[in-house]
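Report on the structure given below.
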């Protein structure tokens, strides 16, 4: 019977919660949850021979979640690996001393659970400075997700930026720490039967800005599989995540978008477009408040007489809304030279569903309770032909997200991560008649997910099955 490593995961979660906020922000830390880490471990390690334990490396190990997941997976799937893994066949690199010390504690607890001394090699080092190559059979990686453009570009001194550009080919086109770590992983894995499993923003797979990274990786790695992680899979990460599994060797150096294995096997998108009609025109509206150059006059985060709540995109998550952090002032002085766009309050009360404008997929929530909202949200007025909870379930489904990406892969606004009313107007949604029994089932599951703000993986998986049935897949 497999040994439970629950105490080690409990230690990991305790340390993650106690980590000071300034340390978390300075290092760009995001902690991989157990379910996601186990899935990555399985898909990366599962094809190595059962009798031969690979050398495993996590070059951004944080508190050791991926190494712990690899160990837990081995206790069930590769029992012969457990002793070698604890004896030094696993190692982790981490730039933050607080994190590497924490990973050492987490894995020490795992060793106690297994009644074996833990000699996992953990080094406090800046991985991106490493010149080592081909030192591991398997790489497991969830790097800091950070693009260095716009205001963020100022956080890296020019000389350091130039050094990174010389060292990592993708830095010239779109500088990012996750891109640099991805290239590093390609260099560290052995050329002979090496495998790399990474969690990266899903947009790495298809956005034009990441063509340079795709080309750089293709000189070292060939993509084996690509799949999406659930929305909000990693706390604090707003990007839609993808799980990328590579094998060592030459890949597609064209830089063209990668498609998931599931997308390639299922030729269903065009048939969905032809089989189902888009929603009625006028169902989506662009009424959000645009403060123009008057934000300091219109908005406040402190209670004032007559001030009313106003939401923005950060207040909307799949199947739920947070309490607005900002208020719209009831009385605003008239000042020459300042402008803003504000729709009448009665219009906002008609909106049934809110949709984030930024992102590579639709994220929607019921507009309840009604409030003003910013122009980074799109309003959906609903339709007598569709139940609001049904629309909410379809909008937040993985199938609808993939349908959106497939339909607008090359669009300019799609490439910039912008969702438009025109795009929403073009996407098909199965009618009650077309969906059949799935229609009422989607409504029921959507309502259950709203009770838990979308945080139930089993319900999300069930919703996905129902939506696909509604589309006839």
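Based on the mean of other Cβ atoms within 10 Å per residue, sort peptides 312-322, 125-135 so the most packed one is first. Walk me through the intermediate numbers first.
Numbers: 312-322: 19.8, 125-135: 13.5.
Put in order of decreasing packing, that is 312-322, 125-135.
Measure off 7 Å from each Cα along the Cα-to-Cβ vector at residue 130 and residue 112, then give the distance between these two points in nanometres to one decimal.
2.9 nm
Per q in 0.13 Å⁻¹, report the Debye log10 I(q)/I(0) for the range 271-471, using one uniform scatterer on each alpha carbon and no solvent.
Evaluating at q = 0.13 Å⁻¹ gives log10 I(q)/I(0) of -0.72.
What is the percent of Cα-Cα separations in the range 6-264 that go past 25 Å? Walk me through the numbers on the way to the answer.
Details: 13289 of 33411 pairs.
Above the 25 Å cut-off, the range 6-264 has 40 percent of its Cα pairs.
If packing is taken as the average number of other Cβ atoms within 10 Å across a peptide's residues, how do 289-300, 371-382, 137-148 rank, most packed first? Walk me through the numbers on the way to the answer.
On the way: 289-300: 15.8, 371-382: 21.0, 137-148: 22.7.
By packing density, highest mean first, the sequence is 137-148, 371-382, 289-300.
Evaluate E = 1/(1 + (r/R0)^6) for residue 452 and residue 191, where r is the Cβ-Cβ distance and R0 equals 45 Å; express this FRET efficiency to the nearest 0.05. All intermediate terms of the calculation are to be shown ahead of the outcome.
On the way: r = 46 Å, r/R0 = 1.02.
My answer for the efficiency is 0.45.
In the range 430-463, whose amide N lies under 12 Å from the spot 7 Å out along Cα-to-Cβ of residue 277? List them in ranges.
What the label zone holds, given the 12 Å backbone N cut-off, is 430-434.
Which values of log₁₀ I(q)/I(0), to two decimal places, follow from the Debye formula for the chain at q = 0.12, 0.14 Å⁻¹ with a uniform point scatterer at every Cα?
Values returned for q = 0.12, 0.14 Å⁻¹ are -1.14, -1.38.
Find the all-direction average of the projected area of the Cα convex hull for the range 17-133, expressing the result in square nanometres with one decimal place.
On the way: hull surface 29.7 nm².
Computing the convex hull of the Cα atoms and averaging its projections yields 7.4 nm².
Please report the relative contact order for the chain, taking Cα pairs under 8 Å with a sequence separation of at least 6, and give it as a percent rounded to a whole number. Before the final figure, lay out each step's value.
Values: 913 pairs, mean separation 52.7, N = 473.
Reported relative contact order: 11 percent.
Give, to the nearest whole percent, the P(r) tail of the range 382-473 beyond 16 angstrom, counting all Cα pairs.
On the way: 2261 of 4186 pairs.
Cα-Cα pairs in the range 382-473 separated by more than 16 Å: 54 percent.
Tell me the angle of helix 65-77 to the major Cα principal axis of the chain, expressed in degrees between 0 and 90 and rounded to the nearest ten.
For helix 65-77, the angle is close to 70 degrees.
Would you mind checking the tilt of helix 6-18 against the longest principal axis of the Cα atoms of the chain, expressed as 0 to 90 degrees and rounded to 10?
Between helix and principal axis, roughly 60 degrees.
Rounding to the nearest 10 and keeping the result within 0 to 90°, find how far the Cα-based axis of helix 158-167 lies from the longest principal axis of the chain.
60 degrees
Quickly work out the residue 329-to-residue 166 label distance, labels modelled 7 Å from Cα along the C-beta direction, and quote it in nm with one decimal.
Modelled inter-label distance: 5.2 nm.
Just so you know, all these numbers are worked out from the coordinates, no wet-lab data involved. Keep in mind it's a predicted model, so treat the numbers as computed, not measured. Cβ sites come from the backbone with ideal geometry, for glycine too, and all protein chains shown count toward neighbours.
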